[in-house]
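Okay, so here's the structure we're looking at.
The values are calculated or read from the model by the stated rules, or taken from the named source; none is laboratory data. Since the structure is predicted, the reported quantities are computational estimates derived from the model, not experimental observations. Virtual Cβ from ideal backbone geometry, glycine too; neighbours counted across all protein chains shown. Accessible surface is based on the protein model in full, side chains and every heavy atom, while ligands, DNA and RNA are left aside. Shrake-Rupley method; radii C 1.70, N 1.55, O 1.52, S 1.80 Å.
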Amino acid sequence: MKNLPKFSAMNLDFFYGGFRALEDISITINKNQVTALIGPSGCGKSTFLRCLNRMNDLIPGIRVEGTVQLDGEDIYAPSVDVVNLRRRVGMVFQKPNPFPKTIFENVAYGLRVNGVKDKKSLQEQVEKSLHQAALWDEVKDRINNSALGLSGGQQQRLCIARALAVEPDVVLMDEPASALDPIATQKIEDLIHDLKKNFTIIIVTHSMQQAARVSDITAFFYMGKLIETGDTETVFTRPSLQQTEDYITGRFG
Amino acid sequence: MEDRKHFIDELEKLKMMLLNMAALTQKAFIRANQAYLTRDEALSREIIDGDRAINDIEVQIDNLSLRLLALEQPMARDLRLIIGTTRISSELERIADQAVNIAERTLFLCQHPPLAPIQAMDRLMEVTGNMLDHAIRSFADLDPKKAMSIREMDDAADQWTMEVLQTLIDNMVQNFPAGEKRLINTRRSVQTIIISRCLERVGDHSTNIGEHVAFISTGINVKHQKVL
């Protein structure tokens, strides 16, 4: 289980029209680890995150060069089914975005889209996902109430449960706690620790303390380039490059 | 581009506090040696009284360090500077205690006729004084090379300590017939041996400071390791 590659990007370039947002990114992301992507606004970390499940495809005028492999297969190959890719590589966003449906239906949504009809299977999987997202105890008595009645922190864990329900390999998190209060943030961070047993997690965060707390590996992006990747402990105690040092000690950015 | 100006100013203040503490400690050490060599009781008392100021700075350094750790979430070199500074201040505090110890022994020795000068003691003061000086300068410049060079002087310090010990053992067993004079001679010899031990400890603490400076500047923990 140690250090098996899940994703690997090789010489990845990404363009929004004429603007090169990512330049020659090569990185291996290991299975069952939490990898944090850090860097100042506009450094390309979220763009890179969205390359990993082809969320950027939805933006007109983009172009990708180089390769991104998931379990050794090129995810930009023409034969790839993007819907299936996004089932394997789930995503959680900055702002909790539950559907205006019941708690149950939110979590069951992906399963239904994937053709699960059996009521018992649906119920089992919804409960399992809510347990995994550490939300079950808080919602088990009101599972058929609207998800919109949950607090922000609960909504975000619901979105995580929704992402987990379709049993992805990887969960991408784009600043998942930036809209939450400290207690809800701590719950999400604890959850991330628990989830890495079963999932590979890649998180974009603006909080360096959060990256330091939750991740095993930290990757520092700056102006579209991957500057330094390393064990989180090393990056935050003795980074190898001055640029990384300056960023994490708050000298710029 | 310099952000976090307030925090960086606070770190600079922490560094200045440590350098101030180092200067007072070094002064106490040099004056303790001088008091011993010149049998100066008044100077010995000044050193003993002056220790409080050094202890006070240690407490201030601890408080500021704790505050910066709690409130600023320092990372990388800033984190290492704060951790290293608290460690160095505790080494300095112990060095200052050794200076006080030397001054207290000197007060005792001043009550009795002097021993013949011990050359090895002069050498020991010289080498441990150099070690402390290197330690402080290596911190001021955050120079890991200078910091690690302190270790190389430690063998000489140990050697001169042994030589002082041997000289005083010889003195105790050879020179006096049994009686009051022999008792006094044994007492002053033992007190002088304690002084040599204090000096040797100053060398050890200076070596430790060097290791902390190497940690601050490189991030590598060199304690109990042969090479940097």
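Mind checking which residues of the range B:191-228 are of a type in the set (S, T, N, Q) and over 18 Å from B:Asp155 (Cα atoms)? Matches in the range B:191-228: B:Gln191, B:Thr192, B:Ser217, B:Thr218, B:Asn221. Scanning the range A:22-42 for residues that are small (Gly, Ala, Ser), open to solvent by less than 30 Å² (accessible area, probe 1.4 Å) and assigned to a strand (DSSP E or B) yields a single hit, A:Ala36. Would you check which residues across the range A:62-88 are over 21 Å from A:Asp174 (Cβ atoms) and open to solvent by less than 60 Å² (accessible area, probe 1.4 Å) and list them? Result: A:Gly66, A:Thr67, A:Gln69, A:Gly72, A:Asp74, A:Ala77, A:Val80. Of all residues assigned to the range A:43-58, at least one qualifies as being open to solvent by less than 40 Å² (accessible area, probe 1.4 Å), over 15 Å from the mean Cα position of the chain (by Cα) and under 30 Å from A:Arg20 (Cα atoms).
When the range A:94-131 is filtered for residues that are of a type in the set (Phe, Trp, Tyr) and open to solvent by 70 Å² or more (accessible area, probe 1.4 Å), only A:Tyr109 remains. Within the range A:159-204, the set of residues being touching a helix residue (DSSP H, G or I) at 6+ places or on another chain (Cβ under 7 Å) and within 14 Å of chain B (Cβ to nearest Cβ) is empty.
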